[in-house]
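> This is the structure, below, for whatever I ask next.
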Amino acid sequence: MPQPARQGDPAELVFIALGANLDGASHDRDAALPAAAEAVAKAADAPVRISRLYRSPAFPAGSGPDYVNAVLAVDWPAPPEDILAALHAIEAAFGRERQRRWGPRTLDLDLLAAAAAIRPGREGWAAWAGLPLERQKAEAPGELILPHPRLQDRAFVLLPLAEISPGWRHPVTGETVEAMLAALPEPDVAALTPL
């Protein structure tokens with residue numbers, strides 16, 4: 001089982017969102033996230049701190065079975081591109097196949113933030129963060145965007161992130177997790193069920 005992560009400055013940690021809404025060959029969706037957290041700890045060679053698991057409706061609505069979601073924190077000083085490559089390798093080991101954008105998956109590991117990194121810069125980040133929903137459905141960035149351009153919009157990210165690092169501040173907006181969570185529509189937050 002993953003161990004508590006270093007309790008140091010949250011601005012120096014890496015945050016990763018975990019999700020699954022399909023059973024895999026080796027894990028059902030409920031067991032996939034703790035197993036993936038162990039794989040992340042091994043790849044980072046560091047203990048992780050993981051939120052509890054939540055059940056949440058698939059996004060966009062009607063796109064598949066409900067998800068199991070969580071967020072973890074880890075002290076992982078590697079370059080963000082190397083971290084992302086390691087996360088993709090873990091997803092592949094869990095049977096992830098990238099067939100369509102926002103499709104059902106056996107494991108999804110999203111790099112939410114890597115310390116205070118902003119990629120590809122404030123303007124590039126703002127362009128992806130402000131992308132209208134219809135374009136989000138069709139367009140994927142060709143480069144790493146950090147922090148994740150939608151983390152401030154998603155209850156299934158912010159609620160578990162608030163459990164493990166409520167005082168973390170978004171490197172672009174300066175808002176805390178608690179403030180971003182409070183700004184979400186109440187039905188979005190109420191749709192999550194702790195497991």
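> With a bin width of 10 angstrom, please list the P(r) values of segment 119-195 as percents of all Cα-Cα pairs, from the 0 bin to the one holding the largest distance.
17, 46, 32, 5
> Mean-square fluctuation check for the chain, GNM, Cα pairs under 10 Å: which of A17, A73, A44 is largest?
A44
> Further, regarding this structure: Over the chain, with every protein chain in place, what whole percent of the accessible area is carbon and sulfur at 1.4 Å, could you tell me?
Roughly 54 percent, rounded to a whole number.
> Restricting things to Cα coordinates, could you compute the convex hull volume per residue of segment 45-121 in Å³? Write out the running numbers ahead of the final one.
Working: hull volume 9.6 nm³, N = 77.
So the per-residue Cα hull volume is 124 Å³.
> Given Cα pairs under 8 Å that are at least 6 residues apart, what percent is the relative contact order of segment 4-97? Present the calculation step by step, with values, prior to reporting the outcome.
Values: 135 pairs, mean separation 35.5, N = 94.
So the answer I get is 38 percent.
> How large is the Kirkwood hydrodynamic radius of segment 79-148, in angstrom, based on all distinct alpha carbon pairs? It would help to have the intermediate numbers written out before the result.
On the way: mean 1/r = 0.0754 Å⁻¹.
Taking the inverse mean of 1/r over all distinct Cα pairs, segment 79-148 comes out at 13.3 Å.
> Per the Cauchy relation, a quarter of the hull surface: what is the mean projected area of the convex hull of the alpha carbons in segment 13-68, in nm²?
Values: hull surface 17.5 nm².
Spelled out: convex hull of the Cα atoms, projected over all directions, averaged, 4.4 nm².
> Related question: Over the chain, what portion of Cα pair distances is larger than 25 Å, expressed as a whole percent? It would help to have the intermediate numbers written out before the result.
Working: 5635 of 18915 pairs.
Percent of Cα pairs beyond 25 Å in the chain: 30.
> Express the relative contact order of segment 62-195 as a whole percentage, based on alpha carbon pairs under 8 Å and six or more residues apart in sequence. Numbers along the way, then the final one.
Values: 128 pairs, mean separation 31.1, N = 134.
Result for segment 62-195 is 23 percent.
The values are calculated or read from the model by the stated rules, or taken from the named source; none is laboratory data. Predicted model, so just to flag it, every value in this text is computed and none were measured. What goes into the accessible areas is simple: the full protein's heavy atoms, side chains included, and nothing from ligands, DNA or RNA. Shrake-Rupley method; radii C 1.70, N 1.55, O 1.52, S 1.80 Å.
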